[in-house]
1. Find how much the distance from GLU98 to ALA67 grows on full extension, using 0.36 nm per residue of separation minus their present alpha carbon separation; answer in nm with one decimal.
2. Whole-Hz ³J(HN,Hα) for each residue in the stretch 126-143, computed from phi via Karplus 6.51 cos²θ - 1.76 cosθ + 1.60 with θ = phi - 60°, x for glycine and proline: what do you get?
3. Along the Cα-to-C-beta direction of THR139, a point sits 7 Å from the Cα; which residues of the stretch 100-117 have their amide N less than 15 Å from that point?
4. With θ taken as phi - 60° and the coefficients 6.51, -1.76 and 1.60, list the Karplus ³J(HN,Hα) couplings across the stretch 80-92 in order, rounded to whole Hz; mark glycine and proline as x.
5. Net charge near THR40, counting Lys/Arg +1 and Asp/Glu -1 over other residues with Cβ under 13 Å of its Cβ?
6. Tell me, what HN-Hα J-couplings in whole Hz come from the Karplus equation 6.51 cos²θ - 1.76 cosθ + 1.60 at θ = phi - 60° for each residue of the stretch 57-71, using x for Gly and Pro?
7. In whole Å, what is the distance between the alpha-carbon centres of the stretch 25-49 and the stretch 68-124?
8. Which residue, chosen from THR7, LEU132, HIS80, occupies the Cα position most advanced towards the positive end of the dipole of the chain, where the dipole is computed from +1 (Lys, Arg) and -1 (Asp, Glu) charges on Cβ about the Cα centre?
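What follows draws every value from the coordinates through simple rules; no lab data is involved. What you see is a predicted model; the values in this text were computed from it and never measured. We place every Cβ from the backbone using ideal geometry, glycine too, and count neighbours over all the protein chains shown.
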Amino acid sequence: MAVQAPTAPADVYAEVQHFYARQMRDLDSGEAETWAGTFTEDGAFKPPSLPEPVRGRPALTEGARQAAAGLAAAGETHRHYVGMLTVTPADDGSLTAESLVSIVAVPRGGPARLHLVCVCRDVLVREAGELLVRDRVVTRDDRP
């Protein structure tokens, strides 16, 4: 029988859900600097589309700005939906949050469509009482 990892208390789980609701709303609204501010100063984001992680708030902000500009030029909005969330506390006080993220593309004047489904694994830490992403790794089933 497999040993089950400890789960976060209900109030922490709810806090993590609220964190993602705000973070994804910031990203989808093109609030690049606010979104990047949800990472630690030296936070890392490793999407499957890049050979190396994006590190630090300035680089995260620039990447989010470029993505928003590309979507605006294409006349499209993306909406990120975080689901199937698990939150596991670590001995060092950090939290590992794993989820499935569905990205829905909404073209201006056209029907919405499912763009991607990703697996997101974050290490969340607290700084000044706020949850922040220290490390994010995103994977896709259709890529090695």
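1. 8.8 nm
2. 9, 10, 6, x, 9, 6, 9, 7, 8, 8, 10, 10, 10, 10, 10, 5, 8, 10
3. 100-101, 117
4. Couplings: 9, 10, 9, x, 6, 7, 10, 10, 10, x, 10, 4, 7 Hz.
5. Combined, the nearby Lys, Arg, Asp and Glu give -1.
6. Whole-Hz 3J(HN,Hα) from phi for the stretch 57-71: 4, x, 5, 5, 4, 4, x, 5, 5, 4, 4, 5, 5, x, 5.
7. A separation of 11 Å, based on Cα centres.
8. Most positive-ward Cα: HIS80.
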